[in-house]
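Comments concern the structure below.
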Amino acid sequence: MFAALRLAVCATALAAGPTCSVHADYFDDIAASVAANRNGLWAVVHDLCLPAYQGIGVALPCIEVNIANGLDRGFAVLQKPSRATHVIVVPTIPVSGIESPALLSEGTPNYWEAAWGARRFVEERAGRRLPRDKIGMAINSTSTRSQDQLHIHVTCVAPLVADFLRRHQGEIRRAWSFLRVPLLVHRFAVMKVETDGLANVDPFKLLARDLPSGTSSMGNETLAVIGATFFNGKTGFYLLANGAGASPRATINAEALLDSKCTS
């Protein structure tokens, strides 16, 4: 994908003059930085996707760059390497992760709304329309993530998780409560919201406001948002939170709740 971006930038440069001044090593260095440090994801968005979109109108190597409402309210969508049906939504300004106080500020963009909209890329790559209860979104705690730029995973929900939620639907309320039965050997707090979309519902704020652990432990939480159609026919979402408590090792990795290959 970096080669494609290099060609696109060079094509634009050649239209304006006889030579392409973009050095191939620049793209190679940025690509290498993704794997080499915890700011690699931010480097891709900030140093590649944004300049490409602002300069020549292409989002490469991202799938999409959306800054229609300004850079401070924008986001980029990237495909996870080697996972066609797994995309990642990333703000176009620096936001460290789930622990960032900025996420709880009035007027902060609802990145979950953007993530839910990005499910169309999962469907495109799956080659079929996916029911809402097949789509899962999740963000890692500070101890289980590999990058220090906020990013929300969007792909299919793991079949085991989908089945668990169906079987325990009667126990899940409109306020946070802890399930009596563990999921993937982890203890989860869960709640449901009845809404078709997330324009007026921000899971970060619901987690910070109502979960007993409070905002001081937001960084210890892995948070997942799963599309749902309830028994009464209404649509909505399940929210699942798994906190570390005294041991960061106790927190589940968000991707364990998801099925990147959309196998079912």
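The values are calculated or read from the model by the stated rules, or taken from the named source; none is laboratory data. All values derive from a computational prediction rather than experimental measurement. As a convention, Cβ positions derive from the backbone with ideal geometry for all residues, glycine included, and neighbour counts pool all protein chains shown. Protein only, heavy atoms only, side chains kept; ligands, DNA and RNA dropped before computing areas. Shrake-Rupley method; radii C 1.70, N 1.55, O 1.52, S 1.80 Å.
Just subtract the alpha-carbon distance of N200 and R128 from 0.36 nm times their residue separation and send over the number in nm, one decimal.
Extra length available between N200 and R128 comes to 23.1 nm.
Classify segment 109-173 from the C-alpha gyration tensor, please: rounded if a/c falls under 1.5, else prolate or oblate depending on whether a/b exceeds b/c.
Taking the square roots of the gyration eigenvalues as a ≥ b ≥ c, segment 109-173 is oblate.
Expected output is a single nm value to one decimal: the length gained when fully extending between R166 and N37, i.e. 0.36 nm times separation in residues minus the C-alpha distance. What is it?
42.5 nm
Karplus couplings for segment 96-111 from phi (6.51 cos²θ - 1.76 cosθ + 1.60, θ = phi - 60°), rounded to Hz, Gly and Pro as x?
So the Karplus estimates, Gly and Pro as x, are 5, x, 4, 7, 5, x, 4, 5, 9, 6, 5, x, 5, x, 8, 5 Hz.
List the lysines whose Cα lies under 19 Å from the Cα of K261, skipping any in the same chain that are fewer than 8 positions away.
Result set, ordered by chain and number: K80, K134.
I'd like to compare 141-150, 164-173: which one has the highest average count of other Cβ atoms within 10 Å, and what's the full order after that?
Ranking, from highest mean packing down: 141-150, 164-173.
Describe numerically, in nm with one decimal, the distance between label points set 7 Å from Cα along Cα→Cβ at K80 and at R120.
2.2 nm
Given charges of +1 on the Cβ of Lys and Arg and -1 on the Cβ of Asp and Glu, with all other atoms neutral, how large is the dipole of segment 111-214 about its Cα centre, in debye to the nearest 20?
Magnitude of the dipole: close to 260 debye.
Sorted by accessible area (1.4 Å probe), largest first, how do F178, F75 line up?
Largest accessible area first, the list is F178, F75.
Please list the non-local residues whose amide H lies under 5 Å from the amide H of L183, H modeled 1.01 Å from N, same-chain partners needing a gap of 5 or more.
Residues meeting the criterion, in which the H sits 1.01 Å from N, are F188.
Short version: ³J(HN,Hα) in whole Hz for each residue of segment 140-149, in order, from phi by Karplus 6.51 cos²θ - 1.76 cosθ + 1.60 (θ = phi - 60°), x for Gly and Pro, what are they?
Result, ordered by residue: 7, 6, 5, 7, 10, 8, 10, 10, 9, 10 Hz.
Bin by bin, in steps of 10 Å, what percent of the Cα pairs in segment 31-175 do you find, going until the bin that has the longest distance?
It works out to 11, 38, 35, 14, 2, 0, in whole percents.
For a protection proxy built on the mean count of beta-carbon atoms within 10 angstrom, sort 67-73, 108-114 highest first, please.
108-114, 67-73
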